[in-house]
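For reference, the structure discussed in these notes is given below.
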Amino acid sequence: MQLDERKLKILQAVIRNYLETGEPVGSRTISKYTDLNLSSATIRNEMADLEELGYILQPHTSAGRIPSDKGYRLYVDELMQKEREVEEMKGMLLEKEEKMDQLLKQVAKVLAVNTNYATMISAPSYQGNKLKFIQLSRVDVNQILAVVVVEGNIIKNNILNLEAPLDDETILKLNILLNTHLSGLTLEEINLGMIAQLKQQAGIHSKIVSDVMDAVAEAIREEEDLQIYTSGANNIFKYPELSNGEKASEIISTFEEKQLLTSLVQDTLEKGQEKGIQVYIGAETPVQSMKDCSVVTATYELEEGMKGTIGIIGPKRMDYEKVVGTLQNLMKQLDSIYKKT
């Protein structure tokens, strides 16, 4: 019999509380650990069903319940299933990233040819990331692997060094502890008080919690690894007002170094909460080397809230009507192409 969501949540609460305290768990305690807003009587009925199904035990009359081997097995199997899902997800994402990489380079090239201006496009990244799942697993006696999965299916692998070997039960407890408290939260919602509580509950393994929190912060701040593709930088030399040696050199250098374009991407994403066009004229652009240019950018949005920036850079006398129309059309095409890949 497959457990419904209510029974699963109650079973998870029993296991989590028992692992933390070592004491049988009663219905009143469970009501504090679930978001089902159920009465103690309803929880008692559900626990009676779980006991009948063999997932929990009542060691003494009038005592609370403890997990049975079957209950632990369900929990472990769910964690193992999550791990398999993570591995499958990695494979699909690698394939999708390769396709996206090729697609964005081609988009930048075609855009540069069609407009005769310089172009840039940033790879999509998830805005306002939330933590989906943490999976700890043993590498060897001295190391564990922490897999952190963030909304947008961003995956980060981190090898953590151990001060002492961990057995399977301890790794299971740490997985339960971390996922129960952190799943679904943004980095801003994970405060110091919460981290201190987690470290206290982890006891002698508090350093592992600290290391995992560092891994979570790194994964959620994915924009630090922002990929930007450019094309048509040499088109700048077609316009006398920009082909001056010093001006052209600064602009070309910006395209070559690429990270200088990050501020333009971030500014566009912040201003373009909805899909739309941003026009920066002269000093309005956040990129100092482009103060003699006009920059037109668009925010495109793909599945699962993934957003990126397309930009066209040219002289202030650029054909704005053509550029804006081209970007609007391209945004629609990019959404369509990506969702079919």
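The values are calculated or read from the model by the stated rules, or taken from the named source; none is laboratory data. Not measured: the values here are computed from a predicted model. Counting neighbours? That spans all protein chains shown, and the Cβs are built from the backbone with ideal geometry, glycine included.
The single condition among (1) more than 30 Å from residue 110 (Cβ to Cβ); (2) of a type in the set (A, V, I, L, M); (3) at pLDDT 80 or above that residue 121 does not satisfy is (1).
Summed over the stretch 163-193, residues that are more than 14 Å from the chain's Cα centre (by Cα), surrounded by 12 or more Cβ atoms within 10 Å (Cβ to Cβ), among the hydrophobic types (A, V, I, L, M, F, W, C) and at pLDDT 85 or above total 7. Note on the stretch 4-22: residues that are surrounded by fewer than 18 Cβ atoms within 10 Å (Cβ to Cβ) and under 22 Å from residue 168 (Cβ atoms) total 4.
Within the stretch 149-162, the residues that satisfy the criterion of being at pLDDT below 85 and either loosely packed, with under 13 Cβ neighbours inside 10 Å or in a strand (DSSP E or B) (or both) are 149, 150, 154, 155, 156, 157, 158. Only residues that are surrounded by 17 or more Cβ atoms within 10 Å (Cβ to Cβ), over 33 Å from the mean Cα position of the chain (by Cα), assigned to a loop (DSSP other than H, G, I, E, B) and of a type in the set (A, V, I, L, M) were counted in the stretch 30-63, giving 0.
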